[in-house]
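Asker: Before anything else, here's the structure in question.
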Amino acid sequence: MPDRLHFTESDAANALIASDPMALLVGFVHDLAVHVDERYDGDAARVWTEAADADALRANLAALPGFGEMKVKALGAVLAKRFGVEAARELVPWHPTLGDVDSPEGLAEYQAAKRAHKAEWSKARSPA
């Protein structure tokens with residue numbers, strides 16, 4: 001396995017990503033791994049163990065490549081509900097999250113509810 005993944009031609013990388021959605025995921029994981037390696041010496045747990053409070057944790061999570069507010073809240077919910085990270089408690093949204101999932105059945109229920117909510121939200125946003 002290579003120590004690093006590196007594209008020498010950005011056009012080639014963009015073409016690969018456009019033709020293969022998995023390549024997008026590979027790029028995301030690579031960027032995330034590089035960030036954790038450079039910022040936290042490869043120890044991903046430091047993202048939350050070094051956060052003194054919710055604001056620091058939010059900043060650490062938001063600095064992760066590909067993490068916007070939704071992913072910050074989702075990971076915050078998992079950290080709070082599944083790993084007991086106190087600094088993450090303030091990041092937990094009011095609605096059900098992946099942090100509430102504790103079984104394959106729970107995941108299926110969560111995904112079904114999320115799809116229903118998205119459909120309802122899309123219908124509400126559509127012009128009548």
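Asker: Mind counting the residues in the range 48-64 that are of a type in the set (Ser, Thr, Tyr) and buried (at least 20 other Cβ atoms within 10 Å of the Cβ)?
Answerer: So the count comes out to 0.
Asker: While we're on this one: Scan the range 14-30 and tell me whether some residue there is surrounded by 14 or more Cβ atoms within 10 Å (Cβ to Cβ), in a helix (DSSP H, G or I) and at pLDDT 90 or above.
Answerer: yes
Asker: I've got another one for you. Only one of these conditions is not met by Ala80: (1) within 14 Å of the chain's Cα centre (by Cα); (2) buried (at least 18 other Cβ atoms within 10 Å of the Cβ). Which number is it?
Answerer: Exception for Ala80: condition (1).
Asker: State which residue is farthest from Leu61 (Cα to Cα) when the search covers only the range 83-128 and only residues that are surrounded by 10 or more Cβ atoms within 10 Å (Cβ to Cβ) and among the hydroxyl-bearing types (Ser, Thr, Tyr).
Answerer: Among residues in the range 83-128 that are surrounded by 10 or more Cβ atoms within 10 Å (Cβ to Cβ) and among the hydroxyl-bearing types (Ser, Thr, Tyr), the one farthest from Leu61 (Cα to Cα) is Tyr110.
Asker: Taking the range 54-71 on its own, how many of its residues are modelled with pLDDT of 95 or more and in a helix (DSSP H, G or I)?
Answerer: 9
The values are calculated or read from the model by the stated rules, or taken from the named source; none is laboratory data. Predicted, not measured: the structure shown is a model, and the values here were computed from it. Here the Cβ is made from the backbone with ideal geometry for all residues, glycine too, and neighbour counts use every protein chain on show.
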